[in-house]
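For reference, the structure discussed in these notes is given below.
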Amino acid sequence: MKKCSIILLCLVMAVPFALMANGSTESATGEKQVEYPKGNFDFVAPSGAGGGWDLTIRTVAKTLADTKLVGVSTPVRNAPGAGGAVHLGTLQTKKGDTKTITVYSPPIIFFNLNGTSKYGFRDTTPLARLIADYAAFVVKADSPYKSIMDVMNALKKDPKSVKIGGTSAAGSMDHVQFLIIARAAGVKNLNKIDYIAFDSDGATQVMGGHIDLFSTSLADVMGLVTSGDLRVLAQTADRRIGTGAAAEIPTCIESGINETFQNWRGLFGAPEMPEYAVAYWEKTLSEMVKTPEWKAALTKYGWDNVYQNGPEFEKFLVKTEADYQVILKEIGII
């Protein structure tokens, strides 16, 4: 009889654990337990294939799979439109969603400030800031401009003398990153500088002579720089970065312009993402950035590790928004 009682007691104690393991969801205290993650995630690059957002989130997905930090599938899809604003609007229909993980960078601030979208980072759940790369100011190989100060001196004499191009809209990242550096260089009348936005392939535009200078991400043009088709006048880190040809590119600071610009990239969830999902991603991403696989990716793509968890990232976003507002007000966007 005693033996039967012991067996019965063991079976009763085992039931809650069996239920929890199968996602059935109450602890002994009555607290609801949630099985997460369950089913595939939906990793989204709010842009076309091949750009910085696409590369970033595909690298995250691969690292999570290779390290087995996430035990479910992490397929990546592209959702381009209006520089990322279309996907952000779609995200508003998924409040409380736990599966959608997307990547953004400064445009999530810019397209809210410049009126492209009524939504911004406050309409998401910031999960982590992960990486940074830097702006590059690029000319064709035979350009008469030999340094970034050559460009700035020309603009000081005549703000219409140099045509600037980028693949983001006026008042967004490629435009503003150049204006931040120009302002620091002492250029006046920033609102009179000609900026031409292209849907894609600004490198071809500068090589063809349609613009004088292409404002872009350093990582996006290193292939053409290495081949000799383009020349980078300066990049916006606070130090020389990378190896080989990248390490030969001077900073704006070295060129006499005491300013930097960081193209950060981070991960965001849907608005009102539940706390259990936020906690899961905080733990998972904090572990991911310490792995050899992630560190190898940083080296491969010339990215800086700027990891911040969700609360730290949100504070960063608020401060950065205030910094961007200064330039956008000066050029009359806001």
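Read the figures in this text as sums done on the coordinates, not as results from a lab. Since the model is a prediction, treat every value here as computed from it, not as a measurement. All Cβ positions, even for glycine, are placed from backbone atoms using ideal geometry, and neighbour counts span all protein chains on display.
Give me the distance in nm between label points sitting 7 Å out from Cα along the Cα-to-Cβ direction at residue 40 and residue 118, one decimal.
3.3
Separation between the residue 201 and residue 189 pseudo-spin-labels, each 7 Å from Cα along Cα→Cβ, expressed in nm?
3.4
For residue 93 and residue 72, what is the calculated FRET efficiency with R₀ set at 25 Å and r taken between the beta-carbons, to the nearest 0.05?
E(calc), rounded to 0.05, equals 0.65.
Sum -39500 (n - 2.57) across every DSSP H segment of at least 4 residues in the chain, then divide by the residue count to get the 222 nm mean residue ellipticity, nearest 500.
Here the helix-only value at 222 nm equals -12500 deg cm²/dmol.
Hey, with R₀ at 30 Å, roughly what FRET efficiency would residue 259 and residue 312 work out to, going by the Cβ-Cβ distance, to 0.05?
Efficiency at R0 = 30 Å is approximately 0.80.
I want to check the label-to-label distance for residue 245 and residue 299. Put each point 7 Å from Cα in the C-beta direction and report it in nm to one decimal.
The two pseudo-label positions are separated by 2.1 nm.
In nm, what is the difference between 0.36 nm times the number of residues separating residue 210 and residue 163 and their Cα-Cα distance?
Full extension of this stretch gives 16.1 nm more.
Going by a ≥ b ≥ c, the root eigenvalues of the Cα gyration tensor, does the range 45-148 fall in the rounded group (a/c under 1.5), the prolate group (a/b larger than b/c) or the oblate group?
Verdict is oblate for the range 45-148.
Which shape class applies to the range 175-254: rounded if a/c is under 1.5, otherwise prolate when a/b exceeds b/c and oblate if not, where a ≥ b ≥ c are the square roots of the Cα gyration tensor eigenvalues?
Judged from the Cα gyration tensor, the range 175-254 comes out oblate (a/c at least 1.5, b/c at or above a/b).
Could you pull the Cα extents of the chain along its three principal axes, largest to smallest, in whole Å?
The Cα atoms of the chain stretch 99, 41, 30 Å along the principal axes, largest first.
Which entries of 94/300; 140/192; 163/290; 290/315 have Cα-Cα distances beyond 32 Å here?
94/300; 163/290
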